[in-house]
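Peer 1: My questions will all concern the structure given below.
The values are calculated or read from the model by the stated rules, or taken from the named source; none is laboratory data. Computed from a prediction, not measured in an experiment: that's the story for all the values here. Glycine gets a Cβ as well: all are built from the backbone with ideal geometry, and neighbour counts include every protein chain shown.
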Amino acid sequence: MKLELGPEDQAFRQEVRQFVRDNLPEDVSRRGRYDFHHHRADIALWMKILAGRGWSVPHWPVAYGGTGWTGVQRFIFEDEMRRGFAPTADRIGTELVAPVLYTFGSDEQRQEHLPAIRNGDVFWAQGFSEPGSGSDLSSLRTRAVRDGDDYVVSGHKTWTTDAHHADMIFTLVRTNPDAKPQAGISALLIDLNAPGVVRRPIWTIDEGLTVNEIFFDDVRVPARNLVGEEGAGWTYAKFLLNNERATSAEVPHTKRDLAQLRHIASIEQRNGRPLIQDALFRNRLARIEVETLALEYAVLRVLSGSGDNQVASLLKVRGSELRQKVADLAADALGERALAVSADREADLCLVDEVASPAVPDHGVGISAKAIFRRATTIYGGSNEIQRTLIAKTILKL
Ligand SMILES: Cc1cc2nc3c(=O)[nH]c(=O)nc-3n(C[C@H](O)[C@H](O)[C@H](O)COP(=O)(O)OP(=O)(O)OC[C@H]3O[C@@H](n4cnc5c(N)ncnc54)[C@H](O)[C@@H]3O)c2cc1C
């Protein structure tokens, strides 16, 4: 495999970079620089701008609005989005739910939901985990009982990312309590504004809002919102989770965080010199940069078709650990001033001035919050312990 990009890919990179420069509104970019929990309004606006160019869902089949780009082009696109501080698209809708719908959904579901996801009009959440059913997902207890043309759903989901600003939720429910655990599960598309749905925010230790609890109290869901076949939800869930892990190396995010870390280290001083000149610090930074580069090539090998695409769990483990390492080093680079940095990521950037006390320089805003929140990367999408077991079974055949 050739490791450097060819002239066509380089020209493509320039085209995307220029597009971001010309089209990403200044205030959205500024918020993206500090804010890792993006605002719905910013995401929706950016998705509409991208949709206008036909770029909002590059990875979808062309028939549904995808671009037909190669895997490497899609990676470059993502890299440039993060580099320019553009908001991340509604990832659950575009990357997780839509592929299930165009692969297993009905024509009616495709027509109803795909255009709305593509244009950033309707946002989605993923309702799998429950209290007591995370790693052991097949033990989930949320019930759906058929009643005429509806299912009646009761239960409790938790850790539901972005449900506070989502419109719909892709939900795993138990339709047959008598079948074996996996065989009794189905997938339902539920309107989060339906009567009987209650959302409760979970404020995390970084003082940000990403995750929520969802309560279903006899919620009536039209039976046409069943995805595929009743009892086959586990198959669709595995398909969705594999897609989630395949993209969760998140190398473009890590590269952007590394650039930010270098910036911090060029400003922060140690012993009268910029931190970036400190030998110990440089050593730690270099290690992370080398590991990131190695992961980038592993991802590119998979995307260019020359690697084993069964390695989603492996990419997830490496990618999530790297995201933590970069964020930890950035907090270390701020030294004791990192203690004072606890920005409310939900705040508009107009609040940043209030959040950043005089002791906190502009380049330090949000750094500690990010380092704390990154604890979650090795948990969500299936914890890294579970991924290691999968690697042992499927790759090492142990
Ligand atoms: C920020 C964040 C966002 C999330 N977003 C979503 C979302 O949008 N939708 C959704 O459905 N879920 C979401 N989750 C939930 C996530 O998928 C679960 O937290 C995860 O699967 C772990 O489940 P659990 O929390 O129940 O922990 P548990 O399963 O109770 O695990 C606790 C600990 O035990 C370990 N463990 C458990 N079983 C084993 C085993 N067999 N072998 C070895 N170790 C084991 C785990 O690795 C972990 O360290 C999110 C979680 C977080 C933190």
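Peer 1: Looking at the range 224-273 only, could you name the residues that are more than 30 Å from residue 102 (Cβ to Cβ) and in contact with an Asp or Glu (Cβ under 7 Å, 6 or more places away or on another chain)?
Peer 2: Matches in the range 224-273: 258, 270.
Peer 1: Scan the range 343-365 and give yes if some residue there is modelled with pLDDT of 85 or more, buried (at least 20 other Cβ atoms within 10 Å of the Cβ) and within 16 Å of the ligand (Cβ to nearest atom), otherwise no.
Peer 2: Within the range 343-365 (the criterion being modelled with pLDDT of 85 or more, buried (at least 20 other Cβ atoms within 10 Å of the Cβ) and within 16 Å of the ligand (Cβ to nearest atom)), the answer is no, since none of the residues qualifies.
Peer 1: Further question: Return yes when residue 37 is at pLDDT below 95 and away from the ligand (no atom under 16 Å from the Cβ) and no when it is not.
Peer 2: No.
Peer 1: Please state which one of 285, 303, 275 is within 30 Å of residue 68 (Cα to Cα) and of a type in the set (A, V, I, L, M).
Peer 2: After applying the criteria, what remains is 303.
Peer 1: So, one more: Go through (1) within 16 Å of the ligand (Cβ to nearest atom); (2) surrounded by fewer than 19 Cβ atoms within 10 Å (Cβ to Cβ); (3) outside any loop (DSSP other than H, G, I, E, B) one by one and return the number of the condition residue 92 breaks.
Peer 2: If we test residue 92 against (1) within 16 Å of the ligand (Cβ to nearest atom); (2) surrounded by fewer than 19 Cβ atoms within 10 Å (Cβ to Cβ); (3) outside any loop (DSSP other than H, G, I, E, B), just (2) comes out false.
Peer 1: Here's another thing I want to ask about it. Consider the range 141-161. How many of its residues are under 23 Å from the mean Cα position of the chain (by Cα) and surrounded by fewer than 23 Cβ atoms within 10 Å (Cβ to Cβ)?
Peer 2: Selection size over the range 141-161: 4.
Peer 1: Just checking, does the range 156-166 include any residue being among the charged types (D, E, K, R), without any contact (Cβ under 8 Å) to a residue 40 or more places away in the chain and not assigned by TED's automatic domain parsing to the domain that holds residue 44?
Peer 2: No, that holds for no residue.
Peer 1: Let me ask something additional. Enumerate the strands (runs of 3 or more DSSP E) found wholly within the range 182-269, keeping only those where 1 or more residues are surrounded by 20 or more Cβ atoms within 10 Å (Cβ to Cβ).
Peer 2: So the answer is 185-191, 209-222.
Peer 1: Can you tell me which residue among 143, 174, 199 is of a type in the set (Lys, Arg), closer than 30 Å to residue 41 by Cβ and away from the ligand (no atom under 12 Å from the Cβ)?
Peer 2: 199
Peer 1: Still on this structure, please answer the following. Of all residues in the range 118-140 being of a type in the set (S, T, N, Q) and exposed (fewer than 15 other Cβ atoms within 10 Å of the Cβ), which is nearest to the ligand (Cβ to nearest atom)?
Peer 2: 135
Peer 1: Go through the range 104-117 and report how many residues are part of a loop (DSSP other than H, G, I, E, B) and either crowded, with 16+ Cβ neighbours inside 10 Å or without any contact (Cβ under 8 Å) to a residue 40 or more places away in the chain (or both).
Peer 2: Summing the residues that are part of a loop (DSSP other than H, G, I, E, B) and either crowded, with 16+ Cβ neighbours inside 10 Å or without any contact (Cβ under 8 Å) to a residue 40 or more places away in the chain (or both) in the range 104-117 gives 1.
Peer 1: Looking only at the range 197-246, filter to residues that are polar (S, T, N, Q) and more than 22 Å from residue 164 (Cα to Cα); which one of those is nearest to the chain's Cα centre (by Cα)?
Peer 2: Looking at residues that are polar (S, T, N, Q) and more than 22 Å from residue 164 (Cα to Cα), I get 243.
Peer 1: Would the range 96-117 turn up any residue that is within 12 Å of the ligand (Cβ to nearest atom) and either in contact with a strand residue (DSSP E or B) (Cβ under 7 Å, 6 or more places away or on another chain) or among the polar types (S, T, N, Q) (or both)?
Peer 2: Among the residues of the range 96-117, at least one is within 12 Å of the ligand (Cβ to nearest atom) and either in contact with a strand residue (DSSP E or B) (Cβ under 7 Å, 6 or more places away or on another chain) or among the polar types (S, T, N, Q) (or both), which makes the answer yes.
Peer 1: Any idea which of (1) part of a loop (DSSP other than H, G, I, E, B); (2) of a type in the set (Ser, Thr, Tyr); (3) free of Cβ contacts under 8 Å to residues at least 60 places away in the same chain is the one residue 56 doesn't satisfy?
Peer 2: (3)
Peer 1: For the range 61-72, does any single residue satisfy the condition of being within 26 Å of residue 212 (Cα to Cα) and part of a helix (DSSP H, G or I)?
Peer 2: No, there is no match, as no residue in the range 61-72 is within 26 Å of residue 212 (Cα to Cα) and part of a helix (DSSP H, G or I).
Peer 1: Could you please find all residues in the range 146-171 being within 12 Å of the ligand (Cβ to nearest atom) and either outside any strand (DSSP E or B) or hydrophobic (A, V, I, L, M, F, W, C) (or both)?
Peer 2: 158, 159, 160, 161, 162, 163, 164, 166, 169, 170, listed by residue number.
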